[in-house]
1. For segment 64-84, give me each residue that is in contact with a helix residue (DSSP H, G or I) (Cβ under 9 Å, 6 or more places away or on another chain) and at pLDDT 85 or above.
2. Can you name the number of the only condition in (1) surrounded by fewer than 15 Cβ atoms within 10 Å (Cβ to Cβ); (2) under 15 Å from L6 (Cβ atoms); (3) among the basic types (K, R) that K40 fails?
3. Mind checking which residues of segment 56-84 are touching a residue at least 24 places away in the same chain (Cβ under 8 Å), farther than 13 Å from M1 by Cβ and of a type in the set (G, A, S)?
4. If only one of L71, L66 is within 20 Å of the chain's Cα centre (by Cα) and buried (at least 16 other Cβ atoms within 10 Å of the Cβ), which one is it?
5. For S25, are the conditions met, namely being touching a Ser or Thr at 6+ places or on another chain (Cβ under 7 Å), in contact (Cβ under 8 Å) with a residue 24 or more places away in the chain and of a type in the set (S, T, N, Q)?
6. Only residues that are farther than 19 Å from G22 by Cα and aliphatic (A, V, I, L, M): list them for segment 58-84, please.
Amino acid sequence: MAVASLVLGLIALLGFWLPVIGIISLPCAVIGLILGVVGKKQLSAENKPSGMATAGIVLSIIALILSVLYLLICGACAAVLMTL
């Protein structure tokens with residue numbers, strides 16, 4: 001699960017910058033965050049290193065924040081254009 005979290009976090013972070021793939025950035029970030037937390041709990045229970053899960057969580061959080069901000073800014077711009 002840690003590997004999946006890291007991969008989804010990377011896809012979400014890179015997808016944020018690409019307009020074509022930007023639509024899948026938000027769901028990938030949410031799924032990556034969930035998998036990272038679950039993977040970190042499993043690895044901690046087994047006393048194994050959880051660095052990859054932590055990296056996935058961090059990347060997913062960053063991508064989630066950037067994606068939400070991007071959607072809010074696009075919505076604000078669309079609202080301003082509708083009033084003109």
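The values are calculated or read from the model by the stated rules, or taken from the named source; none is laboratory data. Please read all numbers here as calculations on a predicted model, not as lab measurements. As a convention, Cβ positions derive from the backbone with ideal geometry for all residues, glycine included, and neighbour counts pool all protein chains shown.
1. Listed by number, the residues that qualify are L64, I65, L66, S67, V68, Y70.
2. Among (1) surrounded by fewer than 15 Cβ atoms within 10 Å (Cβ to Cβ); (2) under 15 Å from L6 (Cβ atoms); (3) among the basic types (K, R), the lone unmet condition for K40 is (1).
3. As a first pass, look at segment 56-84 and keep what is touching a residue at least 24 places away in the same chain (Cβ under 8 Å): 56-64, 66-68, 70-71.
With the extra rule that they be farther than 13 Å from M1 by Cβ, the set shrinks to 58-59, 61-64, 66-68, 70-71.
Those that are touching a residue at least 24 places away in the same chain (Cβ under 8 Å), farther than 13 Å from M1 by Cβ and of a type in the set (G, A, S): A63, S67.
4. Of L71, L66, the one residue that is within 20 Å of the chain's Cα centre (by Cα) and buried (at least 16 other Cβ atoms within 10 Å of the Cβ) is L66.
5. yes
6. Those that are farther than 19 Å from G22 by Cα and aliphatic (A, V, I, L, M): A79, V80, L81, M82, L84.
Listed here are the residues, each with its yes/no results for (1) in a helix (DSSP H, G or I); (2) in contact with a strand residue (DSSP E or B) (Cβ under 8 Å, 6 or more places away or on another chain); (3) crowded, with 20+ Cβ neighbours inside 10 Å; (4) among the acidic types (D, E).
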| residue | (1), (2), (3), (4) |
| --- | --- |
| G36 | yes, no, yes, no |
| P49 | no, no, no, no |
| I57 | yes, no, yes, no |
| V80 | yes, no, no, no |
